[in-house]
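Structure, as structure tokens:
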Amino acid sequence: MIEKERKLTGCGIAYIKATYNNTIVHITDMAGTTIAKVSGGEVTKHARLKANPTVAMFVAKRAAEKAKDKGIRALYIRISGKGGILAPNPGPGANAAIKSLSREGLKILNITDLTPTPRGGPKPKGGKRGRRV
């Protein structure tokens, strides 16, 4: 029986989870196999700087180097934040991570924002006239 060798197509997906506490870059191939996963805590020793745009640049740079070694040349980017009422947007590291991935020589094919948005949600506290403080 002849087995076919599995080759990377040179295209991958970068999942950027950018919250207000941390930035995580996870690069997979098109089948979903993990190629590189780097977080802000691996790059900096200061817990307060994990969501910093500067640290996000170093996170993306380290993930891009690992991906380029495996043969990835182009990326689809999917960004997500925490979501909800309190954090409706991705954190401060999202744009810096995308910029750093493109600077490393990876071609960006598409950028999609997957941050969950609330639609209605639970009933607010208080009665008919609202909560009187």
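The values are calculated or read from the model by the stated rules, or taken from the named source; none is laboratory data. Bear in mind the structure is a predicted one, so any value in this text is a computation, not a measurement. Every residue, glycine among them, receives a Cβ derived from its backbone with ideal geometry; neighbour counts consider all protein chains shown.
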- prompt: Quick check: anything in the range 125-133 within 22 Å of N22 (Cβ to Cβ), basic (K, R) and not in a strand (DSSP E or B)?
  reply: no
Test set (1) within 20 Å of T33 (Cβ to Cβ); (2) aliphatic (A, V, I, L, M); (3) part of a strand (DSSP E or B) - A67 fails condition number: (3)
query: Tally time: how many residues in the range 108-133 are within 28 Å of N95 (Cβ to Cβ) and among the basic types (K, R)?
result: 1
Qualifying position, being at pLDDT below 95 and farther than 18 Å from L109 by Cα, among A51, A56, A36: A51
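Can you pull out the residues in the range 12-58 that are small (G, A, S) and more than 17 Å from A87 (Cα to Cα)?
We begin by selecting, within the range 12-58, every residue small (G, A, S); these are 12, 14, 18, 31-32, 36, 39-41, 47, 51, 56.
Selection gives G12, A14, A31, G32, A36, S39, G40, G41, A47, A56.
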task: Could you tell me whether the range 111-123 includes any residue that is assigned to a loop (DSSP other than H, G, I, E, B), out of contact with any Lys or Arg (no Cβ under 7 Å at 6 or more places or on another chain) and either within 26 Å of D29 (Cα to Cα) or modelled with pLDDT of 95 or more (or both)?
output: yes
message: Consider the range 13-42. How many of its residues are in contact (Cβ under 8 Å) with a residue 60 or more places away in the chain and part of a strand (DSSP E or B)?
response: 8
- prompt: Of all residues in the range 43-74, how many are closer than 14 Å to G10 by Cα and in contact (Cβ under 8 Å) with a residue 40 or more places away in the chain?
  reply: 7
message: Restricting to the range 33-80, give me the number of residues that are buried (at least 20 other Cβ atoms within 10 Å of the Cβ), closer than 14 Å to N21 by Cβ and in contact with a Lys or Arg (Cβ under 8 Å, 6 or more places away or on another chain).
response: 1
